[in-house]
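Notes to accompany the following structure.
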Amino acid sequence: MNTAPGLVNSTIRFSAVDGPGNRFVVFTQGCNFNCITCHNPYTIMECTSCGVCVRSCPEAALTIQAGPLVVVDGVACTRCDICIDVCPEDSTPLARYVEVKALVAEIRAVAPFISGVTVSGGEATQQPGFVRSLFLAIKSDSTLSHLTTLVDSNGSAPLGVWEGLMDVMDGAMIDLKALDPDVHVRLTARGNADVLRSIDYLAQHDKLTEVRLLIVPGYNDGLDAAEHAAVWLRDIDPDMRIKIIGYRAHGVRVEASHIRDADPVELDEIAGVFADHGFRDLTVV
Amino acid sequence: MNQEEFVDQVRSVITDEILTFHQRRHYLASLAENALPYPPVGDACAEALNKGIISDLFEGHAPYRPRYLLPDYERALTNGSGHLELDPPTDLDEALNFLLILYTQVPSITGYPVYLGDIDSLLLPYTGSVSDTDLRSKIRLFWIALDRILPDGFVHANLGPTDNRVLRTILDVERELKQTVPNLSLKVDPELTPDDLLRDAVTTVFATAKPHFVNHEMMVGDLGTSYGVASCYNSMKQGGGSHTLVRLNLKEVALAQSGSIESFLADTLPHYAELNAELMEARIRFLVEEAKFFDHDFLAVEGIINLDRFSAMYGVYGLAEAVNILMEHEGSDSRYGDGGEADELSYRIIERLRAFVDEREMPYCQGAGGRAFLHSQSGIDSDLDVTAGTRIPIGGEPETFEHIATVAPHHRHFDSGVSDIFKIDDTVQNNPEAMVDIIRGAFISGMRDFTFNIDDNEFVRITGYLVRKSDLERFSEGPERHGSTVFAAGSVANSHVTQRRPKRVLIHEHSPRPGQ
């Protein structure tokens, strides 16, 4: 069995917002998108051991040792997050390599309380070997195999990655930042061809748990854009679950300071467009 | 109290403009009862009572009705009542009428019934030919009547564990009416209670902050299949009840000594535990042997309650403070709820008390094999700087998972109930299945009963009863129909609130004294 450790930002034992039911969530470190609206920009890059945070830590809890990452003294660290604020790389010294076995032990402790495990990020599919190892460990353990395994993804993974997860993953929740490739580039600094192909592939294989549309005012909030997205998604599967999420400025970088929060009335209008196209499993948050 | 003081107190109740007629009468009865001498107890017991190390929750000097009664309503519906001149009901209208009448005849320490029975299974046999529309309409009117006739937030109905249309209708009516009365508990069984019903109950919690959730398997294991949850997380046998609730203030016990943890467990705790038991015994004997409640009350005469199914509740509270005081004495930084040695000490204390209660014979307590039931007591409004039952102090609670892991080992010891409240992030409102998962997990972890608060709920639960946040805000501005709001405001401000107008409802159980 491939037991590649994962570069993990953090884990949450009880989450009500990362898929159906109560879920254990693993947030991986590192993302291939660079979304202007990212709410957790410190999960985008891997630590380069540049040492800026080591010098800034008020508790002297950080050191550079032989390994590739800055080392954190878990007792001295007060989680003041100054290291994250000063990081010039959109990273964090708090991410660490975690063995699948250690995560499975954490999951086992909370298993009676959860419906499943979600791997989020960062971008989970940037570490496909780790995700597969984790899911395989869950699915091959008779006391855990009832748990559903989901990936929360930007959808950019090549089809080979999804193919490699098919037998151990129950589904994926994919962000569709924009159907228009130019808007997608403005929002993420990347094109969306892979994303569209992923949505189609996952739907065909009955692994598309939901599609999320983050509505960002001034970028993708037009009713025309909603109309195009609704038609495209309907042609793939009109029964898919759609979640329409309003952009909130909380946690984003200064580059996004010109973007206002999404208006709930606009969100309802966009949801109305999807309802008109026959989508019934629609949520607005 | 001398004659002059007595007359002054009677006059102050009679002329108190903020009390309704019924409330004045209730307090006058208390004053009259307390004119009698206390049941005889030893000097050490009397001193512990005066110092507040043990407490009778102001039940009164001369108990003439049990604290809690859990009538066997099924038996009453089957046999009718000679005393009430009521034949067994034959249809839903008659059953609702029968129960409403019977409820008004059930006493308790507060004067109001604290238990309305397994209301869905009681009514289900009468609903065969009733349409869904008629069922909802009749239950809705019944529910409104309960709230207006029984003005006490501790009136408690039970639901489940099996799914049925009466239960679903009640949840639907609850979400519409959002009343304080009755309080609700849903019995939850891993085999009998479907996820879909739990989800319906969870969405009802989002609207009304009830029901509470009860571990049916555990309750049946401890109390048998015929059990009920009454008042505020008090579980007992149906057809029985609790003569009294006397509670031990573990914080005061810890303060009463300066020795080691071992001497606390070996000497101090057993000493005060016995004084608590002595007070219980004296009160039980007076109720049964002097007031002879079970010889004359029609509920006992007609077999709707049975002395053989009664016991008494041995309450404890202030565990958190006791543990922390003892840890401090030992020079340890560990505190209750931190997952360290303080938690281990808390388990030793409760195990020691459980062993004491299991060994201590108690008269007229055949409902628990001649012993009392251990109970984690959730507090009254005069409690200052002491945490309810075995809870982790408010503000010091760890995350939900650690919280459950810390308190769950206590739950198996409290046959007659324990209350824990979990604050849950409001994100569950978009995902009620997440709460269903947590409820299932909590019961697998050995929790007996609990409730949860949603952070931005219109309702807020403070010590185990129910009150509307909007009512609290209105309280300072004008009259309030529900007495539980009076109590809640008192809890928040830790002082009795100046009332300008009479309140229809009071919570006598938690604000037991007149003229505070």
Fill in the blank from the handout: Under the 7 Å Cα-to-Cβ spin-label approximation, B:ALA35 and A:ALA60 lie apart by a distance in nanometres of 7.6
Fill in the blank from the handout: Residues whose modelled amide H sits under 5 Å from the amide H of B:GLY241, counting only those 5 or more places away in sequence or on another chain, are B:LEU70, B:PHE310, B:SER311
Practice task
May I ask you to evaluate 6.51 cos²θ - 1.76 cosθ + 1.60, the Karplus curve with θ = phi - 60°, for each residue of region A:65-78 and list the ³J(HN,Hα) values in order in whole Hz, giving x for glycine and proline?
Solution key: 10, 5, x, x, 10, 4, 9, 9, 7, x, 7, 6, 5, 9
Exercise for the section: Go through region A:86-91 residue by residue and turn each phi into a ³J(HN,Hα) via Karplus (6.51, -1.76, 1.60, θ = phi - 60°); whole Hz please, and just put x for glycine and proline. Expected result: 8, 4, x, 10, 6, 9
Fill in the blank from the handout: Least to most buried among B:ASP43, B:ASP381, A:ASP170, by other C-beta atoms within 10 Å and fewest first, runs B:ASP43, A:ASP170, B:ASP381
Fill in the blank from the handout: quick note, chain B, DSSP beta bridge pairs, % antiparallel (nearest 5) is 35
Problem - Rounded D (µm²/s) - the protein assembly as shown, Kirkwood Rh over Cα pairs, Stokes-Einstein at 37 °C, 0.692 mPa s - result: 111
Handout entry: Under 5 Å, built H, 5+ apart or other chain: amide partners of B:TYR314
Key = B:PHE373, B:LEU374, B:HIS375
Practice task
For n ≥ 4 DSSP H runs only, could you compute -39500 (n - 2.57) per run for chain B, divide by its residues and tell me the 222 nm figure to the nearest 500?
Solution key: -12500 deg cm²/dmol
Practice task
Can you give me the P(r) profile for region B:235-414? Cα pairs, bins 10 angstrom wide beginning at 0, each as a whole percent.
Solution key: 10, 35, 31, 17, 7, 1
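Counting other Cβ atoms within 10 Å of each Cβ, which trypsin sites (Lys or Arg not before Pro) in region B:275-367 have at most 16 and sit in a DSSP loop?
Within region B:275-367, the qualifying trypsin sites (Lys or Arg not before Pro) (loop, at most 16 other Cβ atoms within 10 Å) are B:LYS292.
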Fill in the blank from the handout: When the charge dipole of region B:68-230 is computed with +1 on Lys and Arg Cβ and -1 on Asp and Glu Cβ about the Cα centre, the Cα farthest towards its positive end, among B:LEU69, B:TYR112, B:GLY221, belongs to B:TYR112
Practice task
Give the longest segment of chain B that steers clear of GluC sites (Glu not before Pro) in DSSP loops with at most 10 neighbouring Cβ atoms within 10 Å, not counting the sites themselves.
Solution key: B:192-476
Handout entry: Shielding by other protein chains, A:15-26, mean Cβ within 10 Å
Key = 5
Exercise for the section: Would you mind computing, in nm to one decimal, how far apart the modelled labels at A:ASN34 and A:HIS146 are, each placed 7 Å from Cα along Cα→Cβ? Expected result: 4.6
Fill in the blank from the handout: Shape call for chain A, from the Cα gyration tensor axes a ≥ b ≥ c (a/c under 1.5 means rounded, otherwise prolate when a/b beats b/c, else oblate), comes out oblate
Problem - 29 Å Cα-Cα threshold exceeded, pairs from B:LYS51/B:LYS187; B:LYS187/B:LYS423; A:LYS101/A:LYS207 - result: B:LYS51/B:LYS187
Fill in the blank from the handout: Shielding of B:430-440 by other chains, given as the mean Cβ count within 10 Å, works out to 6
Completion exercise
With +1 at each Lys and Arg Cβ and -1 at each Asp and Glu Cβ, the charge dipole magnitude of chain A around its Cα centre, to the nearest 20 debye, comes out at 900
Exercise for the section: Would you mind classifying chain B by shape? Square roots of the alpha carbon gyration tensor eigenvalues, ordered a ≥ b ≥ c; an a/c under 1.5 is rounded, otherwise it is prolate if a/b is larger than b/c and oblate if not. Expected result: rounded
Handout entry: Cα gyration tensor, region B:68-230 - rounded (a/c under 1.5), prolate or oblate
Key = rounded
Fill in the blank from the handout: The set of residues whose placed amide H lies less than 5 Å from the amide H of A:GLY116, leaving out same-chain residues fewer than 5 positions away, is A:PHE24, A:THR148
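Throughout, read-outs are computed from the coordinates displayed, never taken from laboratory work. Model, not experiment: these values are computed from the prediction. Positions of Cβ are generated from backbone atoms using ideal geometry, with glycine treated the same way; all protein chains shown enter the neighbour counts.
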